Amino acid sequence: MPLSSLNEEQLSAATAPLGHNLIIASAGTGKTSTIVGRIAHLLQSGVEPSSILLLTFTNKAAGEMIARLERYFPKKIVSKIESGTFHAVSYRWLKELHPNLALKQPSELKTLFRSIYEKRNFERMNLPLAPFSATYLYEMYSLYQNASLDGFDEWFLEKYPEHEILMDAYMDITEEFEREKIDYGFASFNDLLLRMKSHLEVKTIPFKEVLVDEYQDTNTLQSALIDTLKPHSLFCVGDYDQSIYAFNGANIENIATYSKRYPDAEVFTLKTNYRSTAPILSLANRVIERNERIYPKKLEVGRHGKTHPPRLLMYNDLFEQYQSIAHNIKQTHVPNEQIAVIFRNNSSADGIEASLREIGIPCKRKGGTSFFDAKEIKFLLDLLSLLVNPKDMMAFIHVFEYANGVGSALSKEFFQCFLHFGNGSFMQGVLYPKVHDLPKLNPNKNVQLGLFDDDHEIGSATRFKHLDLPHEVYSHPLLKHPKIIQDGIKFFRDFHIFMNTVKGENDPAKILRTAISSKLYEGIIDMLSTQRGRLKSGEIDSEKKKQAKDRILGKARLLLELARQYRDLRRFVNAMVLGGGELSEGEGVNLLTVHASKGLEFPEVYVVDLVDGRFPNRKMMSSIEEERRLFYVAVTRAKDKLYLSLAKYDKMKKMDYKASQFLHEAGLIKEVFVEPGKEKKKS
């Protein structure tokens with residue numbers, strides 16, 4: 001039975017008397033086994049399965065626990081247990097009450113919210129400040145629903161007191177939004193919990209026990225819903241040291257104040273870790289104990305045998321770090337899928353992914369777009385592919401699809417024209433087209449230059465005379481194509497200049513440097529950063545656009561760093577395009593943000609970019625305590641081997657880095673850490 005496999009501390013928690021029980025389940029201490037054991041104990045004690053409610057943060061987690069119980073109890077009994085996420089359970093209950101309830105995705109509800117917002121004429125109000133956009137106001141309203149039980153105006157003005165003059169209008173918009181959702185039978189994910197809470201205030205569901213997994217991740221609304229359920233017994237399992245979702249509304253105070261809110265509460269601590277070795281746990285303890293100890297605890301080792309102390313890897317340059325880690329992974333005997341590279345920011349993944357691709361190691365990236373699938377990288381690789389193989393029509397189409405007014409069909413026509421005017425040579429057709437003594441593209445028609453289908457559609461290059469075009473571009477027969485427009489000509493001009501500049505060059509780094517600094521790529525950067533800086537309302541957020549532009553250039557510079565390792569263009573393109581084609585699919589090295597790694601474990605783990613500013617991320621962090629919890633989560637994913645890495649310098653950004661304070665706290669770096677901007681002391 002499930003209880004027979006539990007250790008003493010797990011068994012004590014699982015068999016606790018009914019009441020308010022909090023189980024502090026540190027990393028790798030068997031919280032799932034304890035929850036399954038608890039439910040088994042309830043069933044063996046005669047508790048009706050239908051009076052047990054299991055709340056989790058993923059339906060997968062609930063499914064796994066139910067599946068474990070079915071190994072020991074008949075399915076007809078286990079199936080009566082109410083289980084699932086807060087939202088899934090609330091949705092099932094509300095559908096019974098309101099069969100026509102329609103759950104709507106955030107994107108759909110943003111549209112409804114914007115339709116209400118846009119009826120307000122803020123321009124006539126002659127305001128001293130600009131109102132928030134519909135999208136931002138919607139996002140703030142959604143966050144408020146998770147984070148506060150006070151009125152929206154009170155919560156909002158605490159953050160933005162200068163918007164008091166607009167608060168009546170904002171309140172009017174949100175109130176109409178709520179009315180329309182009710183009228184149309186719509187519900188958001190937040191609404192499921194809010195409406196269920198309102199229903200439970202009138203009619204309580206008599207649960208004998210409610211079990212809550214990952215309790216440290218609950219938000220204010222979820223905590224209020226639990227209280228509204230008024231269960232006879234409450235069994236909450238979590239770890240305040242793994243509370244890393246403050247940005248998403250999680251309220252660490254829920255677990256921190258448990259004993260105060262429930263004076264009769266019993267607190268149990270699972271401290272035996274069965275995942276990691278003693279040296280890894282020792283490092284984790286040294287760092288996390290710097291945070292306030294709400295409930296005293298210290299992880300103890302539950303496994304024995306040969307151990308490897310955590311290793312600090314220090315490099316002179318950021319890119320050198322990524323390449324060295326990739327080579328270390330290639331040399332290890334641990335299977336790729338049992339290795340994880342964990343990072344605080346997604347940008348760190350690009351360097352690792354690119355370095356792995358270069359040496360043919362597959363990997364899978366959880367969350368975010370693969371480096372090689374990013375449009376800005378694919379564009380550059382398509383340009384290079386075209387130089388390697390001028391007959392690569394698909395590469396040409398992918399490039400020219402970015403020209404305004406030129407789709408894939410017209411791009412194909414252009415490609416055929418270049419071959420025609422180059423007498424079979426694409427590059428000659430682009431740079432030195434021949435317009436005499438050539439067979440016509442359509443010999444059945446007497447068509448000028450054999451280029452068009454109908455005589456009357458022949459265009460004239462004079463319509464582009466006002467553009468600043470080099471002579472060789474202005475005289476190009478492509479300008480006579482009837483379907484080409486001004487934007488298409490400008491794109492061709494920039495493409496022509498680039499091709500003319502790199503003709504005959506074989507050094508991939510020189511070609512890429514030229515491409516990245518070209519007018520052609522400048523246009524691509526502007527187009528993509530504009531798209532990524534556009535809010536749902538259609539307006540462009542200048543700061544968001546600037547950040548997108550910086551990220552695009554960062555990725556391009558990374559590709560350039562890879563190119564520096566090669567002297568032959570063909571070999572570089574083959575390595576990038578053909579090598580490790582399964583990079584982001586199937587089995588491979590796991591590339592994970594800390595948030596994505598939570599709940600997982602791997603024999604071998606690399607935590608990268610441990611420098612001040614990146615980890616901890618001082619721009620994104622809500623507090624240094626939460627950044628420390630993120631570090632704790634990252635290192636406790638490792639079972640056998642843990643590598644902590646950093647670089648002292650980023651030569652692409654020309655930026656020096658200082659080691660993360662967490663490495664100082666772990667005792668891996670002996671210098672005393674002092675906050676940035678303060679004078680550094682030596683120990």
Could you tell me whether any residue of region 643-650 is open to solvent by 30 Å² or more (accessible area, probe 1.4 Å) and free of Cβ contacts under 8 Å to residues at least 12 places away in the same chain? no
Looking at this structure, is E627 buried (at least 19 other Cβ atoms within 10 Å of the Cβ), closer than 26 Å to G305 by Cα and acidic (D, E)? no
On the given criteria, is T34 closer than 27 Å to P296 by Cα and touching a strand residue (DSSP E or B) at 6+ places or on another chain (Cβ under 8 Å)? yes
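I want to confirm something. Restricting to region 191-213 and keeping residues that are open to solvent by less than 10 Å² (accessible area, probe 1.4 Å) and among the hydrophobic types (A, V, I, L, M, F, W, C), which single residue is farthest from L234 (Cα to Cα)?
In this case the residue turns out to be L192.
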Tell me, which residue of region 369-382 that is farther than 11 Å from L559 by Cβ and touching a residue at least 40 places away in the same chain (Cβ under 8 Å) is least open to solvent (accessible area, probe 1.4 Å)? S370
When residues of region 241-291 are limited to those that are under 27 Å from the mean Cα position of the chain (by Cα) and either over 27 Å from T593 (Cβ atoms) or among the aromatic types (F, W, Y) (or both), the one least open to solvent (accessible area, probe 1.4 Å): Y245
If you check every pair at least six apart or on different chains, which have Cβ atoms under 8 Å apart with a residue in region 237-249 that is under 24 Å from S12 (Cβ atoms) and among the hydrophobic types (A, V, I, L, M, F, W, C) first and a residue that is open to solvent by 10 Å² or more (accessible area, probe 1.4 Å) and modelled with pLDDT of 90 or more second? V237/K31; V237/E214
For region 542-659, which fully contained helices (runs of 4 or more DSSP H) count at least 2 residues that are farther than 29 Å from P390 by Cβ and either more than 19 Å from the chain's Cα centre (by Cα) or aliphatic (A, V, I, L, M) (or both)? 542-563, 594-597, 624-635
Step by step: first the residues of region 482-517, then only those that are surrounded by fewer than 21 Cβ atoms within 10 Å (Cβ to Cβ) and over 30 Å from L562 (Cα atoms), then the one that is modelled with the highest pLDDT. Which residue is that? K490
Is it true that some residue in region 187-205 is under 30 Å from S33 (Cβ atoms) and β-branched (V, I, T)? yes
Look through region 388-420, keep the residues that are hydrophobic (A, V, I, L, M, F, W, C) and more than 17 Å from R493 (Cα to Cα), and return whichever of them is surrounded by the most Cβ atoms within 10 Å (Cβ to Cβ). A395
Residue hits (region 454-481; open to solvent by less than 40 Å² (accessible area, probe 1.4 Å) and either within 19 Å of G407 (Cα to Cα) or at pLDDT below 70 (or both)) are G459, A461, L478, L479, H481
Picking from A14, A25, which residue would you name as being small (G, A, S), touching a residue at least 24 places away in the same chain (Cβ under 8 Å), touching a Gly at 6+ places or on another chain (Cβ under 6 Å) and within 30 Å of S282 (Cα to Cα)? A14
(1) in a loop (DSSP other than H, G, I, E, B); (2) modelled with pLDDT of 80 or more; (3) out of contact with any Lys or Arg (no Cβ under 9 Å at 6 or more places or on another chain): which one isn't true of E679, the others all being true? (2)
Please go through region 127-142 and pick out each residue that is closer than 18 Å to K181 by Cα and open to solvent by 40 Å² or more (accessible area, probe 1.4 Å). E139
Residues that are of a type in the set (V, I, T) and open to solvent by 40 Å² or more (accessible area, probe 1.4 Å): does region 116-126 have at least one? no
Right, I165: open to solvent by less than 60 Å² (accessible area, probe 1.4 Å) and either on the phi > 0 side of the Ramachandran plot or aliphatic (A, V, I, L, M) (or both) or not? no
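The values are calculated or read from the model by the stated rules, or taken from the named source; none is laboratory data. Nothing here was measured: the structure is a model prediction, and the numbers come from that model. Cβ sites come from the backbone with ideal geometry, for glycine too, and all protein chains shown count toward neighbours. With ligands, DNA and RNA removed, areas are computed over all heavy atoms of the protein, side chains included. Shrake-Rupley method; radii C 1.70, N 1.55, O 1.52, S 1.80 Å.
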